[in-house]
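Take a look at the structure below.
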Amino acid sequence: MKKIIPFIFCLTAGLYSFEQTIKQYKDQAKRLISQAKYKEAFVLYEKAATQGDPEAEFILSQLYKNGVGVAANDSLRYHWCLLAARQQYPEAQEEMSMLTAYKPDNHKESFEWTKKCAETGFPPCMQTLAVYYMDGVGVEKNPDSMLIWTERQALSPRVSFDRDHGATIASARLKLATLYYKDDNIKQDLFKSYVWLLLFNEEFKDQTGMWERDKAIEIVEKVEIALNAQQKAAAEKEAAQLLKKPLRNLSNLKTIY
């Protein structure tokens, strides 16, 4: 037992040192990028990537993609992106989805990468997966699955994976409101349409385009005529429950702000 304890300590210390070295490579590379020292940054990202760090692998693929700090190379771009994607790095999985989408007459691989990415909770992939289910890209058309993934996107955290997804969340909420209001593939449900309009109005509306806000007002005016006071109150309650906090922007429901 006395011999085992020092061994475990040394092993743990070694792993910690290994992780620290990778972090140091990446931190220094980021500083070099900010200083436009791309070749030096590439060398450090390559060191971290060859040690199996998925973030570094993905960044390396982007450097090869854009020819930053190194000559552009599509084969190496694909190689490093694939390695990162296999380690469940969402942005690499999203990239693999796009790369494989161009394969002629076969979108199944693109669908599989998109699904894996969406399952990590990455909002852009949820959005793409919903489109794939709606249009039958790499999978049979399935409006119910499209709704499920659009709802997941609409209720995902605003900031995730170090990115602000407010605009895509708001767009997903308006999409659901529009689908439930009128769509050939979705059964009309004005109550649900109103719930999603309330959620669209409550957060991130200012991050969407003017045409989206105008469209929301147009649907609100029509849906409110169809619902009675009790239904609207129930919709407000459900929207607050989904949001997990009180609605505070009801007075602006029919404004572009």
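The values are calculated or read from the model by the stated rules, or taken from the named source; none is laboratory data. What you see is a predicted model; the values in this text were computed from it and never measured. Virtual Cβ from ideal backbone geometry, glycine too; neighbours counted across all protein chains shown.
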Flagged pairs (Cβ under 8 angstrom, 6 or more apart or on separate chains; first in region 131-143, modelled with pLDDT of 95 or more and of a type in the set (D, E, K, R); second outside any loop (DSSP other than H, G, I, E, B) and surrounded by 16 or more Cβ atoms within 10 Å (Cβ to Cβ)) are 141/133; 141/134
For residue 184, only one of the following conditions fails: (1) in contact with a Phe, Trp or Tyr (Cβ under 9 Å, 6 or more places away or on another chain); (2) in the same structural domain as residue 247 (by TED's automatic domain parsing); (3) under 19 Å from residue 131 (Cβ atoms); (4) not hydrophobic (A, V, I, L, M, F, W, C). What is its number? (1)
Quick check: anything in region 172-190 within 18 Å of residue 252 (Cα to Cα) and either out of contact with any helix residue (DSSP H, G or I) (no Cβ under 9 Å at 6 or more places or on another chain) or of a type in the set (Val, Ile, Thr) (or both)? no
Within region 210-244, can you find the residues that are touching a helix residue (DSSP H, G or I) at 6+ places or on another chain (Cβ under 9 Å), more than 16 Å from residue 176 (Cα to Cα) and not acidic (Asp, Glu)? 226, 227, 231, 232, 234, 240
Among the residues in region 162-169, are any buried (at least 19 other Cβ atoms within 10 Å of the Cβ) and among the hydrophobic types (A, V, I, L, M, F, W, C)? yes
